[in-house]
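Participant: Handing you this structure, nothing more for now.
The values are calculated or read from the model by the stated rules, or taken from the named source; none is laboratory data. Bear in mind the structure is a predicted one, so any value in this text is a computation, not a measurement. Cβ placement follows ideal geometry from the backbone for every residue including glycine, while neighbour counts extend to all protein chains displayed. What goes into the accessible areas is simple: the full protein's heavy atoms, side chains included, and nothing from ligands, DNA or RNA. Shrake-Rupley method; radii C 1.70, N 1.55, O 1.52, S 1.80 Å.
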Amino acid sequence: MTAVLVVSAAILFVASLLLLLRLTIGPTILDRSVALDVLVAITVSAVGLYTAHTGVTFALPLLVVLAGCGFVGAVSVARYASRSNDLGDGDEGGAR
């Protein structure tokens, strides 16, 4: 069981390092948004791994809050990106 936990933690750590690299060199805001969303998912996985290892369940509400924040953040960036593309259409009327 301990070997599985160590390997899982190492994989999560390497994935988070690669995501931090993507955050710094991501050419667009959508690349950075996807990287942040996956980083939140990795954080949720790490907290779940910690909960499974220790058996302490006080961190379970944190999982719900992190998942909700990740969802709201991803939807907010997607809405912002979709509206920013509409501004370049040349349509000054605003109504479609």
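Participant: Any residue in the stretch 52-60 that is outside any loop (DSSP other than H, G, I, E, B), buried (at least 16 other Cβ atoms within 10 Å of the Cβ) and touching a residue at least 40 places away in the same chain (Cβ under 8 Å)?
Facilitator: No, every residue in the stretch 52-60 fails to be outside any loop (DSSP other than H, G, I, E, B), buried (at least 16 other Cβ atoms within 10 Å of the Cβ) and touching a residue at least 40 places away in the same chain (Cβ under 8 Å).
Participant: Which residue is farthest from V77 (Cα to Cα), if the candidates are limited to the stretch 1-46 and must be open to solvent by 70 Å² or more (accessible area, probe 1.4 Å) and outside any helix (DSSP H, G or I)?
Facilitator: The qualifying residue farthest from V77 (Cα to Cα) is M1.
Participant: Check off (1) crowded, with 16+ Cβ neighbours inside 10 Å; (2) more than 30 Å from M1 (Cα to Cα) for G70 and give me the number that stays unchecked.
Facilitator: It is condition (2) that G70 fails.
Participant: Is it the case that some residue within the stretch 7-26 is more than 15 Å from the chain's Cα centre (by Cα) and under 27 Å from S82 (Cα atoms)?
Facilitator: Yes: one or more hits.
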